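Reviewing the structure listed below.
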Amino acid sequence: QQQVKQSPQSLIVQKGGISIINCAYENTAFDYFPWYQQFPGKGPALLIAIRPDVSEKKEGRFTISFNKSAKQFSLHIMDSQPGDSATYFCAAETIGGYQKVTFGTGTKLQVIP
Amino acid sequence: DSGVTQTPKHLITATGQRVTLRCSPRSGDLSVYWYQQSLDQGLQFLIQYYNGEERAKGNILERFSAQQFPDLHSELNLSSLELGDSALYFCASSASTGMGGYTFGSGTRLTVV
C-alpha cells in the first residue's frame, strides 16, 4: 500500500531529447506528488510537485503528468541538457497532521552531448 | 543553502566506534526526518521526529538512535559501527501542516574503516 514504483532505473538520453520517468502508487490517500533531483554527493532537492486535482503541471522544461484513475504520474524533461544529468526520485505523501514521504527507488539520468 | 544544516560533512571512523550526526532544520519546520543512502542506492527512511516526539520509524537498526531537542535540532547516534554503515546520511525537514515536500540538508558522508 505504501510503495511507489519507479521506472526506469537508469536512462540515457541525447541532448535535446525528451526524458520520461514513470511512477505508480497504490495508496489513494496520497495527495501530494513531488519529484526530487539529486546530484552526486548532494542532498535531493525538490524540483516540481503536483496535487491530484490537476492532470498536468509545467515549470520551464519540466512537466508532471498525473493520471489519478490509473494511479500513475510521470516526469517529462523537455530539451534535456547535460546539466540535467542526475538521479530523480518521485515521491508521494499525505499532507496534514504529520507527513511522511514515500520515495520511489530513483532513476539515474544521463544526458549525452 | 537549503536552510537545513548538517554537521559534520564528512566523518571517517573505525569499526566498533560511535558517532553522532547533527541536523538543524529549516527555520519554522517542526518535523525532522533521517535517511540513509548507500552508494548508488535509494533513500532509506530511518526515523521521523515532530516537535520533539518520535512519529515514525523505518528501517532503523537497534544500534542507531535519534532524538529531537527542544530547540528542534536533531541528532542521529550510530554505535558499534560496521563497514556496511558507510553511507550518506541525510536529514530533511518539513513544515508542520498544509505544505508538502521536504527540504534536505547536504548530508553527512560516513566512512567506516
**OP:** Multiply the residue separation of A:Arg61 and A:Gln110 by 0.36 nm, subtract the distance between their alpha-carbon atoms, and state the gained length in nm to one decimal.
**Re:** 16.0 nm
Original post:
Ignoring ligands, DNA and RNA, what percent of the 1.4 Å accessible area of the protein assembly as shown is carbon and sulfur?
Top reply: 48
Subject >> Average Cα contact separation per residue, chain B, under 8 Å, 6 or more apart, as relative contact order % >> reply: 38
**OP:** Keeping all protein chains in place, calculate the accessible area per residue for the stretch A:15-113 (probe 1.4 angstrom), answer in Å².
**Re:** 44
Original post:
Any idea which of B:Thr13, B:Gly100, B:Tyr33 is furthest toward the positive side of the dipole for chain B, if Lys and Arg beta-carbons carry +1 and Asp and Glu beta-carbons -1?
Top reply: B:Thr13
**OP:** Could you please report the charge total around B:Leu11, scoring K, R as +1 and D, E as -1 over all other residues with beta-carbon less than 14 angstrom from its beta-carbon?
**Re:** +2
Original post:
Which whole-number percent of Cα pairs in the protein assembly as shown have a distance greater than 25 Å?
Top reply: 41
Subject >> Cα extents of chain A along the three principal axes, largest first (Å) >> reply: 44, 29, 21
**OP:** Under 15 Å from a label point 7 Å along Cα→Cβ of A:Lys15: give me every residue in the stretch A:71-92 with its amide N that close.
**Re:** A:79-85
Original post:
Once the other residues with Cβ under 12 Å from the Cβ of A:Gln3 are scored (Lys, Arg +1; Asp, Glu -1), what is the net sum?
Top reply: +1
Original post:
If Lys and Arg each add +1 and Asp and Glu each add -1, what is the summed charge of the other residues whose beta carbon sits under 15 Å from the beta carbon of B:Tyr33?
Top reply: 0
Subject >> Hz values of 3J(HN,Hα) by residue in the stretch B:33-49 - Karplus curve (6.51, -1.76, 1.60), Gly and Pro given as x >> reply: 10, 10, 10, 10, 10, 7, 3, 6, 10, x, 9, 9, 6, 9, 6, 10, 10
Original post:
What accessible area per residue, rounded to a whole number of Å², is obtained for chain B using a probe radius of 1.4 Å?
Top reply: 47
Original post:
Working out 0.36 nm times the residue gap between A:Thr28 and A:Asp53, then minus their Cα-Cα distance, what length gain in nm do you get to one decimal?
Top reply: 7.7 nm
Original post:
For the stretch A:44-61, which residues drop by 10 square angstrom or more in accessible area between the chain on its own and all protein chains together (1.4 Å probe)?
Top reply: A:Pro44, A:Leu46, A:Arg51
Original post:
Chains B and A: buried accessible surface, both sides, probe 1.4 Å, rounded to 100 Å²?
Top reply: 1700
Original post:
When averaged across all projection directions, what area in nm² does the alpha-carbon convex hull of the stretch B:1-103 cover?
Top reply: 6.6
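The values are calculated or read from the model by the stated rules, or taken from the named source; none is laboratory data. Fair warning: this is a prediction, and the values are worked out from it, not measured in the lab. Don't worry about glycine lacking a Cβ; one is built from the backbone with ideal geometry, like all the others, and counts go over all protein chains shown. These area figures cover heavy atoms from the full protein model, side chains too; ligands, DNA and RNA do not enter into them. Shrake-Rupley method; radii C 1.70, N 1.55, O 1.52, S 1.80 Å.
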